[in-house]
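Structure, as structure tokens:
The values are calculated or read from the model by the stated rules, or taken from the named source; none is laboratory data. Computed from a predicted structure; not experimentally measured. Note that we place each Cβ from the backbone using ideal geometry, even for glycine, and neighbour counts take in every protein chain shown. Ligands, DNA and RNA are stripped out before the accessible areas are found, and what is left, the full protein with its side chains, is counted by its heavy atoms. Shrake-Rupley method; radii C 1.70, N 1.55, O 1.52, S 1.80 Å.
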Amino acid sequence: ALAINVDPEILIVDEALSVGDVFFQSKCYRRMEEIRQKGTTILMVTHDISESISMSDRIIVLSKRPAHISRIMEIRFADPELTPLQRREQHQFQEYFNTIWKELDVHV
């Protein structure tokens with residue numbers, strides 16, 4: 001569970017949304033948005049490309065090991081007030097996804 005009992009300047013969240021069902025994730029999204037609106041920077045570590053696009057205003061893509069920054073992407077949607085679910089419905093979402101996927105250079 002996501003538990004915050006202080007008012008940090010930076011909150012580091014490591015794969016917090018990879019567990020739990022969609023209802024738990026929705027609660028976490030809302031809570032993190034409340035924290036962000038107070039001016040806290042949230043650094044979220046995730047392997048989920050869709051999650052990173054729907055939750056972020058900037059994505060740092062790391063290379064394979066030994067990791068280094070391979071790209072920093074600004075994520076901008078026409079309406080900055082879109083919820084994570086609404087972001088997934090925008091045409092830019094797929095463009096961002098494809099760009100990140102290519103940057104990862106994953107061959108499956």
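Below is a table of values for the structure above.
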read-out	value
Percent accessible area from carbon and sulfur atoms, the chain, protein chains only, probe 1.4 Å	53
Residue-wise HN-Hα coupling along the range 62-75, computed from phi with Karplus coefficients 6.51, -1.76, 1.60 (Hz; x: Gly, Pro)	9, 7, 5, 5, x, 5, 9, 6, 9, 6, 10, 10, 7, 10
Simple label model, 7 Å out from Cα along Cβ direction - Lys27 to Ser70, nm	3.6
Length added when fully stretched, Asp105-His91, from 0.36 nm per residue minus Cα-Cα	2.8 nm
HN-Hα J in Hz across the range 42-51 - Karplus 6.51, -1.76, 1.60, θ = phi - 60°, x for Gly and Pro	10, 9, 10, 8, 8, 9, 9, 4, 4, 4
Straight-distance crosslink candidates among lysines, where the alpha carbon sits under 18 Å from Lys102 and sequence neighbours closer than 8 are dropped	Lys64
Environment charge at Met73 (Cβ cut-off 13 Å; Lys +1, Arg +1, Asp -1, Glu -1)	0
Along principal axes, Cα extents of the chain, largest first, whole Å	40, 33, 27
Cα-Cα P(r), the range 38-89, percent of pairs per 5 Å interval	4, 17, 26, 25, 16, 7, 4, 1
